[in-house]
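What follows draws every value from the coordinates through simple rules; no lab data is involved. All figures in this text were calculated on a predicted structure; none of them were measured in a lab. Note: ideal-geometry Cβ built from the backbone for every residue, glycine included; neighbour counts use all protein chains shown.
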């Protein structure tokens, strides 16, 4: 891919670079801009060693495509932040509390700490730990790090901390003439490029495409007969490196959607008169929530109206990856990647969400249950772009919940995840929708179990029966993350526990 030129403000200094537009920002900063603070650890955004502030948000630089960072973007690394008063307070506190040993992880931890202290008026150990999510330290231990963070915050009043660093929206992106990397400024431009280059890779947050690209470079692609079955689990990264809506980006043009403002944001409005809830349609007269496809997962996790009107989606967003990942990952990417373990999909399925797509020929809406065609397969034409996800807000008397089971409490791919939306009227389940992830080639609705439960009283005896029905309806596989037997049993446990909890809240 032809190189591009960029002029960024890195640690307060203008730096001009030439690079492959799909090169990780981390590599360009180190090799082209002369900074050495951010380090490459995992190369997949899970260790925090490469954290930088981009437009004010802490993000893993290994997952950001350099072409997505426009001219005049402001980037802060640990080196620049350490020279500011807040950064100096952080460094001193870490030294005094013995919170630094080998130093490999410290640059990323400094960046995460800086953002936390800059934005947080009331300091707490819990808040500090949340801010550190995604930052691994193998030497020091987190108790000393948390103590150092709190001590650093106490040295400066919030008014002074809040002035630290530079924040703000990204400047507008420009086109990339002569390259196969395109940065349209609006949706009309994006659709025109997509029509001219059907099948081009769409780049939103990059948390999948950038990892796939690195995997394609580092590892061989396995022969088809060596690949694991996708039924109920992820294929290994080796087998996924050229698949999905983004693929590796090596062999086709890439359209970055980062600057398309029409694709971002959360809005509420009155829904259309559609009644087929079982097929995934919106209820007549329901309040709709329309989420732009490039809305970040962190925005969903922190949006108060989403928490009030789609709490299962909000919880799933909070449990997806670490905060730096959530600053990049988008709802559209999580859906369009069509992974069976996608965290946001079960709450959307249980809510009866619809997908909006557009092309230069027009727009169409598809129920999410039909948009997901199979493992890494979606109903999206080669000239179309996913523009929004639409779901009904909770109606009066409805309740919903989400549960995820992984190998660890945070930053884990789900062994099983479950979402339920239901309503209890006169002590009976008037409506119920159940959606599961990681138990089939795509996330699925448990339609047969829903039919058996609907109209029944949610007694302990009914839920014991429901466990058997659920186990009969899901067909997971054995893979590197879990066994089929365990997945089947835990799917039943998660769902029945959720139903019992939600019915209790609903006054059953």
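Using alpha-carbon pairs under 8 Å, 6+ residues apart, how would you state the relative contact order of the stretch 1-58 in percent? Please report the intermediate quantities before stating the final value.
Working: 59 pairs, mean separation 12.3, N = 58.
Computed value for the stretch 1-58: 21 percent relative contact order.
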Restricting the calculation to Cα positions, tell me the Rg (one decimal) and the Dmax (whole number) of the stretch 262-505 in Å.
16.9, 54
Rounded to 10°, Cα long-axis angle of helix 142-154 versus longest principal axis of the chain
70 degrees
Computed, not fitted: 222 nm per-residue ellipticity of the chain from DSSP H runs ≥ 4 (each -39500 (n - 2.57)), nearest 500, equal to -9500 deg cm²/dmol
What is the spread of the Cα atoms of the stretch 376-418 along each of their three principal axes, largest first, in whole Å?
39, 35, 14
Measure nothing but the geometry: give the 0 to 90° angle between the long axis through the Cα atoms of 484-505 and the longest principal axis through the Cα atoms of the chain, rounded to 10°.
80 degrees
So for each of 141-150, 326-335, 20-29, 102-111 I average, over its residues, the number of other beta carbons within 10 Å; can you give me the resulting order with the highest mean first?
326-335, 20-29, 102-111, 141-150
Debye calculation, C-alpha points only, no solvent: report log10 I(q)/I(0) for the chain at q = 0.05, 0.09 Å⁻¹, in the same order as the q values.
-0.20, -0.65
As I understand it, the value is the acute angle between the Cα axis of helix 460-473 and the longest principal axis of the Cα atoms of the chain; what does it come to in degrees, rounded to 10?
70 degrees
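Normalising by the residue count of the chain, find the relative contact order in percent from Cα pairs under 8 Å and 6+ residues apart.
Numbers: 1165 pairs, mean separation 59.1, N = 508.
Value for the chain: 12 percent.
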The stretch 5-148, Kirkwood Rh and Cα Rg, ratio Rg/Rh at 0.97
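In the chain, what percentage of the DSSP-assigned beta bridges are antiparallel, given to the nearest 5?
Values: 57 of 64 bridges.
Bridges in the chain are about 90 percent antiparallel.
What is the order of 497, 426, 343, 11, fewest Cβ neighbours within 10 Å to most? Before the final figure, lay out each step's value.
Working: 497 15, 426 7, 343 29, 11 24.
Neighbour counts put them in this order, fewest first: 426, 497, 11, 343.
With the cut-off at 18 Å, report for the stretch 85-161 the share of all Cα pairs above it, as a whole percent.
Working: 790 of 2926 pairs.
Percentage above 18 Å: 27.
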